[in-house]
Amino acid sequence: MLRKEILISGFGGQGVVMAGRILGYAAVLAGLRATMLVSHGTETRGGYVRSQVVVSDDLIDSPTVERPDIFCALSQAAYGRFLGLMGDGVILYDPGFVTPNRLQDAAHFAVPARALAVEKVGNELSANIVVLGVILRKLGLIPLEQGLQAVREIIPRSVEINLRALEIGCQLALELGEL
C-alpha cells in the first residue's frame, strides 16, 4: 500500500488550507484516495494554520499526519512547531519566512514561493500555488494535468495566474533535483 503524508503549515492568509484542498482534490482526480485535516488558531489572519493531507492508493485508516513525507513550512513558528515530527522526510521552506535548523537530519530545500509569485506572476497570493507545484512534482503520484484541473475548478478567479504559479512550482522542483 502506498501512503504519503504531507504537512503544510504557516500563518493565516498564506493559503495553507487552499493548497491542501487542491492537493487532495488533484489526488482524487488522479484516481487516488485523499484525506485532509485542517487546524488553525483563533485568529483569522496572521495566526497559526496547518493542513494535513494523506494520499493513498488504498483505504486511509487515519487522516492524521504522524511522520510527514513532505513538510512545507511557510513560517518560522510552523517550522519550529512541527520539526520534531520529521523522520527521513523532506522539508520545503520559504527562506523569506524561515531560517532552517541545519542540525535536523531531514533534507531541507529552499522554496522562495512568495518571491517567485511576486516576480513571475505579479501576485504574492499565489505563493501557496507555487509551493503546491513543488509538492505535486516531488510526490510524483499526481500528474500535472490533474493539478491544473484542480486549480481551475477550485480557484476559478485569477485562474491564469494560478495555473502559471503551479507550473513555476513544478519547474522549481525540477531545478531542486531529487528530494
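When Y48, Y25, Y79 are checked against the criterion of being out of contact with any helix residue (DSSP H, G or I) (no Cβ under 8 Å at 6 or more places or on another chain) and not charged (D, E, K, R), a single residue qualifies: Y79. The set of residues in region 161-179 that are in contact (Cβ under 8 Å) with a residue 60 or more places away in the chain and either surrounded by fewer than 15 Cβ atoms within 10 Å (Cβ to Cβ) or in a helix (DSSP H, G or I) (or both) comprises L172, L176.
Screening region 114-160 for residues that are in a loop (DSSP other than H, G, I, E, B) and polar (S, T, N, Q) and picking the one that is nearest to I8 (Cα to Cα) gives N123. Conditions first: (1) part of a helix (DSSP H, G or I); (2) closer than 18 Å to E5 by Cα. R67 passes all but one, so which condition is the exception? Only one criterion in (1) part of a helix (DSSP H, G or I); (2) closer than 18 Å to E5 by Cα is unmet by R67, namely (1). Within region 110-122, the set of residues being surrounded by fewer than 19 Cβ atoms within 10 Å (Cβ to Cβ) and either touching a residue at least 40 places away in the same chain (Cβ under 8 Å) or among the basic types (K, R) (or both) comprises just one member, K120.
This table checks each residue for (1) touching a residue at least 24 places away in the same chain (Cβ under 8 Å); (2) in a helix (DSSP H, G or I); (3) within 19 Å of I129 (Cβ to Cβ).
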{"residue": "S51", "(1), (2), (3)": "yes, no, yes"}
{"residue": "V54", "(1), (2), (3)": "yes, no, no"}
{"residue": "D58", "(1), (2), (3)": "yes, no, no"}
{"residue": "S62", "(1), (2), (3)": "no, no, no"}
{"residue": "F71", "(1), (2), (3)": "yes, no, yes"}
{"residue": "G80", "(1), (2), (3)": "no, yes, no"}
{"residue": "L83", "(1), (2), (3)": "no, yes, no"}
{"residue": "D88", "(1), (2), (3)": "no, no, no"}
{"residue": "V98", "(1), (2), (3)": "yes, no, yes"}
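Being assigned to a strand (DSSP E or B), modelled with pLDDT under 95 and in contact with a Pro (Cβ under 8 Å, 6 or more places away or on another chain), is that true of even one residue in region 2-18? Looking through region 2-18, none of the residues is assigned to a strand (DSSP E or B), modelled with pLDDT under 95 and in contact with a Pro (Cβ under 8 Å, 6 or more places away or on another chain). Filtered by the rule that a residue be of a type in the set (S, T, N, Q) and surrounded by fewer than 24 Cβ atoms within 10 Å (Cβ to Cβ), region 12-31 gives no residues. Restricting to region 62-109, and then to whatever is over 18 Å from G177 (Cα atoms) and of a type in the set (S, T, Y), can you tell me which residue is surrounded by the fewest Cβ atoms within 10 Å (Cβ to Cβ)? Only one residue fits best here, namely T99. Being over 18 Å from I129 (Cβ atoms) and part of a helix (DSSP H, G or I) is a property that G24 lacks.
Right, S51: within 26 Å of L2 (Cβ to Cβ) and either among the charged types (D, E, K, R) or surrounded by 13 or more Cβ atoms within 10 Å (Cβ to Cβ) (or both) or not? Judged against the criteria, S51 is a match.
The values are calculated or read from the model by the stated rules, or taken from the named source; none is laboratory data. Being a predicted model, the structure only gives us computed values, none of them experimental. Don't worry about glycine lacking a Cβ; one is built from the backbone with ideal geometry, like all the others, and counts go over all protein chains shown.
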